Amino acid sequence: MAISDVQLKNNYYQVIDENGKKIKDVYYSSVGELQGIGIDFIVFLKNHYYATYDENLRKIKEVHESSLGTFKNAAGVSINFIKNNYIVTYDKNFTKKSEKHV
């Protein structure tokens, strides 16, 4: 199921599908600060850890921010971070796919 949006309402993040229906919600402090969404994952930052979640808000993977750098964006099936003058691309399991000097 594709994720269309994630909205913060009344202190709950709500995951919205491609038909505009709520899939799941979670109290915001449980997952941290929303960073971005991909086609089938969501990226949050909490206590210096980036974590990916699926559309049902089940945690996929968590990695300390010192390993990844600064979040840049999430799009499609990729997540981009900037670290040491490189843009590094990962998948939702934080497996490195590519890097490019900037």
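The values are calculated or read from the model by the stated rules, or taken from the named source; none is laboratory data. Note that the structure is predicted; figures quoted are calculated from it, not measured. Cβ placement follows ideal geometry from the backbone for every residue including glycine, while neighbour counts extend to all protein chains displayed. Heads up: the accessible areas ignore ligands, DNA and RNA and are worked out on the full protein's heavy atoms, side chains in. Shrake-Rupley method; radii C 1.70, N 1.55, O 1.52, S 1.80 Å.
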| said: Charges on Cβ only, +1 for Lys and Arg, -1 for Asp and Glu, centred on the Cα centroid of the chain; of N84, T70, S30, which one is farthest towards the dipole's positive end? | reply: N84
| task | Read phi for every residue in the range 78-89 and hand back ³J(HN,Hα) as whole Hz from Karplus 6.51 cos²θ - 1.76 cosθ + 1.60, θ = phi - 60°, with x for Gly and Pro. | result | 10, 10, 10, 10, 10, 8, 6, 6, 10, 8, 10, 9
| said: Just to be sure I understand the model, the point goes 7 Å from the Cα along the line to the Cβ. What's the resulting S30 to L45 distance in nm? | reply: 2.3 nm
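In square angstrom, what is the accessible area per residue of the chain with a 1.4 angstrom probe?
I get 58 Å² per residue for this part.
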| said: Under the 0.36 nm per residue contour assumption, what length would be gained going from the current alpha-carbon distance of E62 and S78 to full extension? | reply: 4.2 nm
| request: Distance check, please: which entries in K9/K72; K9/K92; K46/K97; K59/K97; K22/K83 exceed 28 angstrom between their Cα atoms? | output: K22/K83
| How much net charge surrounds V88 when only other residues with a Cβ under 11 Å from its Cβ are counted (Lys, Arg +1; Asp, Glu -1)? | +4
| In percent, how large is the relative contact order of the chain, given Cα pairs closer than 8 Å and 6 or more residues apart? | 16 percent
| remark: For I60, the net charge from surrounding residues (Cβ-Cβ under 15 Å; K, R +1; D, E -1) works out to +1
| remark: Total charge of the residues flanking S98 in space, meaning their Cβ is under 14 Å from its Cβ, with Lys and Arg +1 and Asp and Glu -1, is +3
